[in-house]
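Structure, as structure tokens:
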Amino acid sequence: MKKILAATALAAALWAPAAGASSEAPTPPSVEWSFNGLFGTFDRGQLQRGYQVYAEVCHSCHALSLMAFRNLQQIGFSEEQVAQLAAQFEVQDGPNDEGDMFMRPARASDHVPSPFANEQAARFANNGAYPPDQSLIVKARKGGSDYIHGILVGYRDPPPEGVTLNEGMHFNDYFPGHQIAMAPPLSDGRVEYADGTEATLDQQAKDVTAFLTWVSEPTLEERRRLGISVILFLIVLTGLLYALKRQIWSDVDH
Ligand code: HEC
């Protein structure tokens, strides 16, 4: 009994700091993502719009180093479209015959080039803060997609009364500590969508978050499909084994 009490007290003690931290940064609103739940799938149109937002807005600061342009074919871009999208970026290649490195338009097989040469250059351009690589950011942050979307829509200008911001910082409801070095990257109409979707702040935030979720976990749909088939198989197998058991024992008195 004493042991149980001690364990409960320990659990309570461990829980307390976590509860404190979550009241510090409120939980971001939960979005009804198309990929939520066991049967959820990505919306290809949304992923393509999200790529556009990344390429036109976020890429000027955030790298996406784990994604090769050819991966974009998986979200419904054709081979020609991918070649065109890649060619809008420049990558370093070489050395050439004279031993020099040179820049050339990116190809489908290239990875998305980083916007800065190194971390120091990135920090220098961003008031000392480092814009993290976005390849795995949705997996790396507590709250995942809801958190990323929350950050994008969670700015408050002016900040709530009584809050003094440090120089170059912005108030954000969902960023831990509330002071974020990233200026609000999105606002209504920041990009123009080719498919006619209205580019509100919330729409762009959702689209780019869905895209980054796909980048973090491109095999989410296959993984779930496999899981469902395994469970179906196990159900059928259980039925078969049960029928077999009844058959085998049918002429034994019991
Ligand atoms: C002008 C540069 C710039 C642009 C453009 C920009 N960001 Fe940022 N971003 C930053 C910096 C700098 C930080 C680090 C902030 C900090 O640590 O205070 C950051 C942080 C973030 C974070 C918080 C990460 C964390 O550590 O929890 C998210 C999410 C994010 N950016 C998403 C985006 C998205 C999505 C876009 C495009 C719509 C974008 N950013 C565009 C500079 C930028």
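The values are calculated or read from the model by the stated rules, or taken from the named source; none is laboratory data. Because the structure is a prediction, the values reported are computed rather than measured. Quick reminder, even Gly has a Cβ in these numbers, built from the backbone with ideal geometry, and neighbours come from all protein chains shown. Each accessible area value is taken on the protein alone, full model and side chains, heavy atoms only, with ligands, DNA and RNA left out. Shrake-Rupley method; radii C 1.70, N 1.55, O 1.52, S 1.80 Å.
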- Only one of these is modelled with pLDDT under 95, open to solvent by less than 80 Å² (accessible area, probe 1.4 Å), out of contact with any Leu (no Cβ under 9 Å at 6 or more places or on another chain) and farther than 25 Å from F175 by Cα: A21, A7, A16. Name it. A7
- Message: Among the listed residues H178, H170, identify the single one that is within 12 Å of the ligand (Cβ to nearest atom), more than 21 Å from the chain's Cα centre (by Cα), under 27 Å from T213 (Cβ atoms) and open to solvent by 30 Å² or more (accessible area, probe 1.4 Å).
- Response: H170
- Message: Which condition from (1) of a type outside the set (S, T, N, Q); (2) more than 30 Å from F124 (Cα to Cα); (3) surrounded by 10 or more Cβ atoms within 10 Å (Cβ to Cβ) is the one that P185 breaks?
- Response: (2)
- Task: Would you kindly identify the helices (runs of 4 or more DSSP H) lying entirely within the range 69-142 that contain at least 3 residues that are within 25 Å of Q179 (Cβ to Cβ)?
- Result: 119-125, 137-140
- Test: residue in the range 100-115 that is within 11 Å of the ligand (Cβ to nearest atom) and at pLDDT 95 or above: yes
- Note on the structure: Reported set for the range 117-139 where residues are in contact (Cβ under 8 Å) with a residue 24 or more places away in the chain, out of contact with any strand residue (DSSP E or B) (no Cβ under 9 Å at 6 or more places or on another chain) and on the phi < 0 side of the Ramachandran plot is A122, A125, N126, P131, P132, D133, Q134, S135, L136, I137, V138, K139
- Please determine, by comparing only the residues of the range 119-149 that are open to solvent by 80 Å² or more (accessible area, probe 1.4 Å) and among the polar types (S, T, N, Q), which one is farthest from the ligand (Cβ to nearest atom). Q120
- Message: For the list (1) open to solvent by 50 Å² or more (accessible area, probe 1.4 Å); (2) polar (S, T, N, Q); (3) within 14 Å of the ligand (Cβ to nearest atom); (4) within 24 Å of G40 (Cα to Cα), I need the number of the one condition that T219 fails.
- Response: (3)
